[in-house]
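To keep things clear, I will list the structure first and then write my remarks on it.
The values are calculated or read from the model by the stated rules, or taken from the named source; none is laboratory data. Nothing here was measured: the structure is a model prediction, and the numbers come from that model. Cβ sites come from the backbone with ideal geometry, for glycine too, and all protein chains shown count toward neighbours. For the accessible areas, the whole protein counts, side chains as well, though only heavy atoms, and no ligand, DNA or RNA atoms are used. Shrake-Rupley method; radii C 1.70, N 1.55, O 1.52, S 1.80 Å.
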Amino acid sequence: MKLSLKSVLAMSLSLVMVLALAACSGGGETSTAAPAGETGGSEAATTGGDRTPITIFRTNDGNGAMEAVIEGFEASQDQYSVNWVEASNDTETTRNTLNTALAAGSSEYDVICIDVVWAGDMAGAGYIEPLDDYIMEAGHNLSDYNPGSLQSGTYKAKTYALPLYPDFGVLYFRSDIVSEEDAQKLVSGDYTFEELIAMAETYNGQEGTTQGLNFQANQYEGLVCNANEWTNNYTDLQAIEVMKQAVDSSATPEDILKYQESESADTFTNGDAVFSRNWPYVWGVLGEGGPVSQDQVDIAPLPNGSCIGGWLLAMNSFSENKDGAWALLDYMTSEEGQKIFCGTGGYNPGWNALLDDEEFLSMNELMTKPGYIAALENTIARPISDEYNELSDNLQIAMHTYLSGNADLDTTVSEMEALLGGGSTSGAGSDAGSDAGSSAAGDSSVAESGADSAASEASSVSESAA
Amino acid sequence: MSMRKSHAIAQLMLYVFIVLFLVISLFPFFWILVTSFKPEAEVMGAGAFRIIAENPTVQNYVTVIAERGMLMSIKNSFIVSGVCMLYVVAVASMSAYIISRFNFRGKALLMGLILSVSMFPQMIVVGPLFNMYYNLGILNSYWITLAYSTITLPSAVWIMVTHFKQVPLALEEAAKIDGCTIWGTLWRIIFPLAAPGVATTAIMTFIAAWNEYLLSYTMNIDYNYQTVPVRIGYLRTQFTIFWSEISAATIVVTIPTLIIVLIFQKQIVAGIVNGAVKE
């Protein structure tokens, strides 16, 4: 017995040694490669030994878009290869990872993909590089990019991030339930939220539906997006009362204050809801053969404009190869790369010219829907702040408290006013813009972006003066 | 008579309680198993409470293993948790021996310090650790096991101290008389006699390392070094979570840990039988 215990001990000790050695050599391999960017990403460079690897940090949406655009980039030049490090699909987790890495001054990633609301925070902290000089040198104009999305990447009148693809809120409705007349009205965008609530109450219960309308009213980032639409880009704060009407209405689910995207999507695709506010991805879910098919559904823009979501590309200011980083970033955000990326993945393009590209439009069925195009052309950004996280949290709390009936309207509005104080200038600018936007389609979005960037410039001037 | 009757009632109530307790605590595992055989469309919605899905499928398992790269992360988890377990047990037994058998100044303080290390919130530790690993150039490597000791080592030392203290001093003195060195006493006498404690520590360390998420996600983001909990976090899109795939992945990764724990459980029993009663 003694002997066997001894041998067990010896064995385990030697195992420690062997494994420790294995760990060492594992570590060694990575550390030698580290200066030039991590090796062994899931999409490691396969071509050319003398190419400089550029590392990009982005999620894998599982649709082959990243693979395709990387292949396109590597074929378009012979200087750089791409190393793709997969980010988590959980937005908050990805944000934490990036903040930890960038706070340490890490040059691991050259190009990072960021949520539209992070740009202010990250630019303020000096984590990401202003891109204006690069954009100018490449001969692009800011008006080439999706305005709402571009505005999200603008901080103190400088462009810090370019649109990879904009996402925006749209209203899904059951065209097999809603009357032709109402459907036309919805698709044109010429309706108000009060009218929407009334319609939801009318149609609720038809064809086995149990909800007239749902949207995202849980206390989380989605509430800031939804309220952005209801309050006309936070210019008409009193309109939060209408949102409360919707929450209290019998046409919305009782637990709507807990609704996030997945709840909205699940009930709508299951055929429980007539109207549902959500992001464009639900269209793809409808195509998977559930109880409700794409033929039964149409898409309308939201009355005051659609809140911008989606993703931007930015350059790590600690990158050791900024020219290479720009080469990749520029490829992915301008015409050629956008066509591959958005075409393959079914995303909306951040590069405006693609909206006139017949070949591109034929790759995405949504682009044939007038209501969808109308939404894309009238987008609004969330407030921009270098302390966005805190602002968003406080807004969520204030609004959710009110919506759940624990605060009165006046208190809530003045609380929100105080929170948005710094951002009120930019709000006023976009108000003018979206008024123009709702009166006509098309060029209005450009007008809006002009107004917005002028406003944010003005605010940055006043900030630096103070 | 009545006493026997009340005894029977107490017995019955005990059994009812145990059964209830088991049902409640095992239900989540049961439901994960059920969910793992459902197609994604049936997880929520009208048929959500069905135990056997309308269209039962093993597709989730195929997807998780073949397409989602779960095998790679299982391998990584084994390496990382295994190394961590062995090294923590080795280090902890040495420290525990010193603490339980020798008297030195500041012993209480040392124990307090060890305990307080385990009380640091991980969120605070992770930043400095990341910086250190970044500057050493060992991010995305199996060196993560070293970082795991911040969460596993303190409790391991504490558990082992208690177990080592239970080993009768007489045995140690006997070994000393026979000419055994301090090293020899630790590895030949104390370590085997405290086998149940060692096994407990090993299991706890292994499980803590296996389940660790934050450090692993922050420092080993590269697919080739991702551990299981991190990889499971990838089974979603921005707005939807693939519950049935997550369930399948959970089942797949639980099986190996279950086997390990069962093996060690045998060791615990063996340890008790062999080492204990000779006084």
Computed accessible area, A:Arg382, all protein chains, 1.4 angstrom probe, square angstrom: 20 Å²
Mean shadow area of the protein assembly as shown over all directions, Cα convex hull, nm²: 41.8 nm²
Theoretical gain in end-to-end length, A:Leu355 to A:Glu336 [0.36 nm per residue, Cα-Cα removed]: 5.5 nm
For the pair A and B, total buried accessible area rounded to nearest 100 Å², probe 1.4 Å: 3500 Å²
Under 15 Å, Cβ to Cβ, from B:Ser244 - net charge with Lys/Arg +1 and Asp/Glu -1: -3
Per-residue mean of C-beta atoms belonging to partner chains within 10 Å, peptide B:215-223: 5
Relative packing of B:82-90, A:405-413, B:210-218, A:67-75, which averages over residues the other C-beta atoms within 10 Å, highest first: B:82-90, B:210-218, A:67-75, A:405-413
B:Met13 - accessible surface, heavy atoms, 1.4 Å probe, Å² rounded to 10: 130 Å²
Pairwise label distance in nanometres, B:Leu12 with A:Gln77, each label 7 Å out on the Cα-Cβ vector: 8.2 nm
Helix-only CD estimate at 222 nm, as mean residue ellipticity for the protein assembly as shown, using -39500 (n - 2.57) per DSSP H run (n ≥ 4): -18000 deg cm²/dmol
Global form of chain B, assessed from the alpha-carbon gyration tensor, a/c cut-off 1.5: oblate
Accessible surface ranking that places the most exposed of B:Ile99, B:Ile255 first, with a 1.4 angstrom probe: B:Ile255, B:Ile99
Alpha carbon Rg of segment A:130-254, scaled by the compact-globule rule 2.2 N^0.38 Å: 1.37
Inter-probe distance in nm under a simple model that places probes 7 Å from Cα toward Cβ, at B:Ile255 and B:Phe120: 3.9 nm
Residue among A:Ala200, B:Phe37, A:Leu257 farthest towards the positive dipole end of the protein assembly as shown, charges placed on Cβ: B:Phe37
Full-stretch length increase - B:Tyr213, B:Ser95 - with 0.36 nm per residue and alpha-carbon distance subtracted: 39.8 nm
Magnitude of the charge dipole, the protein assembly as shown, Cβ model with Lys/Arg +1 and Asp/Glu -1, debye to 20: 6380 debye
Efficiency of FRET from Cβ geometry, A:Gln260 and B:Ile51, R₀ 35 Å, rounded to 0.05: 0.80
List A:Lys158, B:Lys5, A:Lys185, ordered by accessible area with a 1.4 Å probe, largest first: B:Lys5, A:Lys158, A:Lys185
Subset of A:Lys158/A:Lys339; A:Lys339/A:Lys369; A:Lys185/A:Lys369; B:Lys107/B:Lys165 violating a 23 Å alpha-carbon distance limit: A:Lys158/A:Lys339
Computed magnitude of the charge dipole of segment B:64-197 (debye, nearest 20; Cβ of K, R +1, Cβ of D, E -1): 140 debye
Cα-based Rg and Dmax for segment A:278-343, where Dmax is the largest Cα-Cα distance (Å): 17.7, 52
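With all protein chains present, how much of the accessible area of segment A:204-356 (probe radius 1.4 Å) comes from carbon and sulfur, to the nearest whole percent?
Of the solvent-accessible surface of segment A:204-356, carbon and sulfur hold 41 percent.
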Assigned charges on the beta-carbon of Lys, Arg, Asp, Glu; chain B dipole about Cα centre (debye): 660 debye
Within 10 Å of each Cβ in B:230-241, the average number of Cβ atoms from other chains: 6
Beta bridges by DSSP in the protein assembly as shown, antiparallel share as percent, to the nearest 5: 60 percent
Debye log10 I(q)/I(0) for segment B:121-263, one point scatterer per Cα, at q = 0.08, 0.12, 0.14 Å⁻¹: -0.35, -0.68, -0.84
Accessible-area value, A:Glu194, 1.4 Å probe, nucleic acids and ligands omitted, Å²: 100 Å²
A:Asp61, A:Asp133, reordered so the largest accessible area comes first (probe 1.4 Å): A:Asp133, A:Asp61
Given charges at Cβ of Lys, Arg, Asp, Glu: segment B:1-159 dipole, positive-most of B:Phe102, B:Ile74, B:Phe27: B:Phe102
Cα gyration tensor category, rounded, prolate or oblate, for segment A:232-373 with a/c compared to 1.5: prolate
4 °C / 1.567 mPa s Stokes-Einstein diffusion coefficient of segment A:329-381, Kirkwood radius on C-alpha pairs, µm²/s: 115 µm²/s
Shielding score for B:124-134, defined as the mean number of other chain Cβ atoms within 10 Å: 3
Inter-site label distance for A:Asp236 and B:Phe27 at 7 Å from Cα along Cβ, in nm: 4.7 nm
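What is segment B:119-159 by shape, rounded, prolate or oblate, if you read a ≥ b ≥ c off the alpha carbon gyration tensor as root eigenvalues and call it rounded for a/c under 1.5, prolate for a/b larger than b/c, and oblate otherwise?
In terms of gyration-tensor shape, oblate.
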Sites A:Ser143 and A:Gln206, calculated FRET efficiency, Cβ-Cβ separation with R0 25 Å, nearest 0.05: 0.05
